[in-house]
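Trainee: Just dropping this structure here.
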Amino acid sequence: MIALMILTIKHTRFHFLKVLLAIGLMLGKAESFAIEVEGLYQATIIVESRNNEEERRRAFSEAMREVLIKVSGLTSTINPASIRRALNNPEPFVESFKTQATIQPLNPEEVVSELREVIAIEVNFYESEIQRLLDENNIPIWPINRPETLVWLIVEDELEERQILGSGNLRAGTIAGTLKDFADERGLPLLFPLLDLEDQLRLNVNTLWELDEMAIINASRRYQAESILALRIYRSLSGEIFARSLYFFRDNVFSYEEFELSEEDFIRGTVNLATNELSQYYSVLISGTESSVKVNMQIDGINSPEDYSQLLKYLSALNGVRSFQLTRIKNSSLSLELDTGGQLRQLVETIALESFLQEVVELSRTDDAVSMHYRWVQN
């Protein structure tokens, strides 16, 4: 058996730091909005026994490994020696756990199947301790608000019949279900197309099978998605797969291929590609950096005490803002001075992901300060 994995990158990665130094940071407005991902500090692990201490310890370690990768977005997170030591002694990080048993079919793809008891341990970790461990190892955290990734998934079987799969195929054991499971493990929210008449007119089966880049981008515009996955999978008569995926993110297009490997390997590799790119782009280092730039922010549209209260609540929870101080109030506008801890790019991107602040004037920069001007949008 010959196994071949290919990863290529088309177009040059946009160097945001160069733009920041130039003053740039003229980042395009994100049209897609983030959703809050639940369960980042929780994982469920299958075990052989309810009461075996060794199995429980293994489950704690595997669950902690999954959580560290999910919170940071990077599989390389578990490489540092201090994190490997923590994985060997996970108990201090565990806030709570519970054991649960379910009866499941032995083969989910069969209509009638034997049943089996599946025992799992659901482990919840202390958010502060996980974040502290990552920060001590200088590993940024991918915030809880994450953009959805639009998925176009097409499969051709041994009879050369092609089918686009959507949200109606997410049951266990299906390709779409496996994709959703791997994405959940990485904290990657997915969005499946409606596959209605408009989708079919914009992107038919044959065009998607060809992975036509412009057709995929055009068909995705209605979903306002800047993160897009397109997967093509062919199953041979012998059960082998030949698969390719494209990942679109901002100005980059990434291509990933696998030959004669399993569907799970291909899907896992595709999910890893997307999460690695997104997490590196949006991640925030808790302790910040040594250099911190003065940020002056003007916010219009504060028309009531409720607006003011909601704005303060929003800023207090905003990733990339360490502290802020009110400097001026005039009519319905506020001026604030923000401490970003040197993480200006993450702040701009987080604001763009959400719908609370609408840009009025593009960001500008002098030698020692950045000016930002937004309007508060009532939600």
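Trainee: When the chain is fully extended, how far beyond the present Cα-Cα distance does ARG57 get from ASN89, taking 0.36 nm per residue of separation?
Mentor: Between ARG57 and ASN89, full extension yields an extra 10.7 nm.
Trainee: Using r as the Cβ-Cβ distance of GLU161 and GLU129, and R0 as 51 Å, what FRET efficiency do you calculate, to the nearest 0.05?
Mentor: My answer for the efficiency is 0.50.
Trainee: To the nearest 500 deg cm²/dmol, what mean residue ellipticity at 222 nm is calculated for the chain from DSSP H runs of n ≥ 4 alone, each contributing -39,500 (n - 2.57), summed and divided by the residues?
Mentor: About -9000 deg cm²/dmol.
Trainee: Treating only the Cβ atoms of Lys and Arg (+1) and Asp and Glu (-1) as charged, compute the dipole magnitude of segment 294-376 about its Cα centre; round to the nearest 20 debye.
Mentor: It comes to approximately 140 debye.
Trainee: Could you tell me how many degrees, from 0 to 90 and to the nearest 10, lie between the Cα long axis of helix 263-282 and the main elongation axis, the longest principal axis, of the Cα atoms of the chain?
Mentor: Tilt relative to the chain: about 10 degrees.
Trainee: A further question follows. Rule-of-thumb check for the chain: C-alpha Rg over 2.2 N^0.38 Å?
Mentor: Values: Rg = 23.1 Å, N = 379, 2.2 N^0.38 = 21.0 Å.
Taking N as the residue count of the chain, the ratio is 1.10.
Trainee: Once you treat every alpha carbon in segment 42-136 as an equal point and sum by Debye, what is log10 I(q)/I(0) at q = 0.13, 0.17 Å⁻¹?
Mentor: -0.50, -0.75
Trainee: Show me, for segment 137-147, the HN-Hα J-couplings you get by feeding each phi into the Karplus relation (A = 6.51, B = -1.76, C = 1.60, θ = phi - 60°), rounded to Hz, glycine and proline as x.
Mentor: Result, ordered by residue: 9, 6, 9, x, 10, 7, x, 5, 7, 10, x Hz.
Trainee: Relative to the longest principal axis of the C-alpha atoms of the chain, give the angle of the C-alpha long axis of helix 175-185, reported between 0 and 90° and rounded to the nearest 10°.
Mentor: So the helix axis and the longest Cα principal axis differ by about 50 degrees.
Trainee: Where does the charge balance sit around ASN145 when Lys and Arg score +1, Asp and Glu -1, over other residues with C-beta under 13 Å from its C-beta?
Mentor: So the surrounding residues net to -4.
Trainee: May I ask for the distance between the Cα centers of segment 243-265 and segment 87-106, given as a whole number of Å?
Mentor: 32 Å
Trainee: Continuing with the same structure: Taking the dipole about the Cα centre of the chain, with the C-beta of Lys and Arg at +1 and of Asp and Glu at -1, give me whichever of LEU312, TYR223, GLY269 is farthest to the positive side.
Mentor: LEU312
Trainee: Pairs LYS180/LYS313; LYS70/LYS313; LYS294/LYS330: which are spaced more than 30 Å apart, C-alpha to C-alpha?
Mentor: LYS180/LYS313
Trainee: I've got another one for you. Can you say what percent of the DSSP beta bridges in segment 294-376, counting only those with both residues inside, are antiparallel? Round to 5.
Mentor: 75 percent
Trainee: What percent of all Cα-Cα pairs in segment 294-376 falls in each 10 Å bin, counting up from 0?
Mentor: 17, 59, 23, 1
Trainee: Rounded, prolate or oblate for segment 102-245? Axes are the square roots of the Cα gyration tensor eigenvalues, ordered a ≥ b ≥ c, and the cut-off for rounded is a/c under 1.5. Don't skip to the answer; put the middle values down first.
Mentor: Details: a/c = 2.29, a/b = 1.22, b/c = 1.88.
Here segment 102-245 falls in the oblate category.
Trainee: Pull up all non-local amide H partners of GLY301: gap of 5 or more, or a different chain, and H-to-H distance under 5 Å with H placed in the peptide plane.
Mentor: TRP376
Trainee: Once you place label points 7 Å from the Cα toward the Cβ at LYS330 and ARG50, how far apart are they in nm?
Mentor: Taking the two extended label points, one gets 6.9 nm.
Values quoted throughout were computed directly from the atomic coordinates according to the rules given, and no laboratory measurement underlies them. All figures in this text were calculated on a predicted structure; none of them were measured in a lab. Neighbour counts run over all protein chains shown; Cβ positions are idealised from the backbone, glycine included.
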